[in-house]
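Accompanying notes for the structure given below.
The values are calculated or read from the model by the stated rules, or taken from the named source; none is laboratory data. The structure presented is a predicted model; accordingly, all values stated were derived computationally and were not measured. Heads up, the Cβs are rebuilt from the backbone with ideal geometry, glycines too, and the neighbour counts pull from every protein chain shown. To get the accessible areas, we keep the full protein, side chains included, count just its heavy atoms, and leave off ligands, DNA and RNA. Shrake-Rupley method; radii C 1.70, N 1.55, O 1.52, S 1.80 Å.
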Amino acid sequence: MGVDLLAGTVYGVAVMSGRTPTVLVFDSGLGGLTVFSELRTALAGANFIYAADDAVFPYGRLPEEAVIARVVEVMQRLIPLHHPDLVVIACNTASTLVLPALRNRFSIPFVGTVPAIKPAVSLTRTGRVAILATPGTVKRDYTHQLIRSFADGIEVELVGATGLASLCEAHLEGYTVEDAAVLDEISPCFVDRDGKRTDVVVLACTHYPLLLDTMQRLAPWPVTWLDPAPAIARRAADLAGPVSLKALHADAAAVFTSGARITGDLRRALAERGLPAIAIEAMPPQWH
Ligand code: DGL
């Protein structure tokens, strides 16, 4: 058992022995694909299920109890169906809340994704960093605790982007995303005050790397954009242990809890990312 404040708290022991392991990667939507890409490399040969709770996306606007109840409900459906050896909660909005509840209910290990504040602090030269996240993540006690623990003496801009995750989804679904809409969301990250200019922006929502090229192009000045996905994948691989991951029949499929917004462009994007098979596990939210 160990604690890793970059990739989340990890419980458990070596989980995979001999046979091809199955890894369940979960997000509210398509953002977890940025983590999935890294996992595919770090755990080449594992079977993957990528699960998107698109029936409820976005989580960033939901009250905390609703996020906890929903993620537990989805896991209660998916874990008995797919028997994963490891679950990666590839969502900051969920991981900053729900990991204790999941670990109470299930004995398999969970790897989470939480804002990469500690690495940002070690990277900044100016002493000012921005955390770009959903409104949910910026409110979390967990996030504030990370800042208190690791960002002493550093100016931290906590930026709650209300629509950026949805813009990232629209981009992958093949719709045009206006530069002005992206710029509106990222502008508060860029602060030049008291001789300290933001030089690191933490991508504290797994969706945001999907629009990284656009964000880099629109940034008022160059910064380091910190994407924790490679570190999360390394953590998952460490946890998987020294398994022979050269299975010939490794498999991957995407599961959606609604499927209502699956466009042709999205199907192509999923296939290009190694997810040609799509299944619907309908889970309409009970509060709708
Ligand atoms: N991808 C999710 C995250 O990392 C959040 C998107 C949302 O559902 O609001 O926080």
Original post:
Separation between the Ser149 and Glu272 pseudo-spin-labels, each 7 Å from Cα along Cα→Cβ, expressed in nm?
Top reply: 3.8 nm
Original post:
Hey, quick one: spin label on Gln286, modelled 7 Å out along Cα-Cβ, who in the range 57-73 has an amide N within reach, i.e. under 11 Å?
Top reply: 69-70, 73
Subject >> Nonlocal amide H pairs with Leu158, under 5 Å, H built at 1.01 Å >> reply: Ile131
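Rg/Rh for the range 160-200 to two decimals, with Rh computed the Kirkwood way over all alpha-carbon pairs.
Details: Rg = 13.0 Å, Rh = 11.6 Å.
Using Cα coordinates only, the ratio equals 1.12.
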Original post:
How much area per residue is accessible in the range 96-249 when the probe is 1.4 Å and only protein heavy atoms are counted (Å²)?
Top reply: 45 Å²
**OP:** Let me know the Rg and Dmax you get for the range 40-141 when you use only its Cα atoms, in Å.
**Re:** 15.3, 49
**OP:** Just the ratio, please: alpha-carbon radius of gyration of the chain over 2.2 N^0.38 Å, N its number of residues.
**Re:** 0.96
Original post:
Rounded to a whole number, what % of the accessible area of the chain do carbon and sulfur atoms account for, probe 1.4 Å?
Top reply: 51 percent
Subject >> Distance from the range 156-204 to the range 110-138 (C-alpha centre basis), Å >> reply: 14 Å
Subject >> Amide H partners (placed H, <5 Å) of Val111, local residues excluded >> reply: Val87, Val88, Ile89
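Can you show me the helix-derived [θ] at 222 nm for the chain, built from DSSP H runs with n ≥ 4 at -39,500 (n - 2.57) apiece and divided by the number of residues, rounded to the nearest 500. Display every interim value, and only then the final one.
On the way: 11 runs with 111 residues, N = 288.
Per the formula, -11500 deg cm²/dmol.
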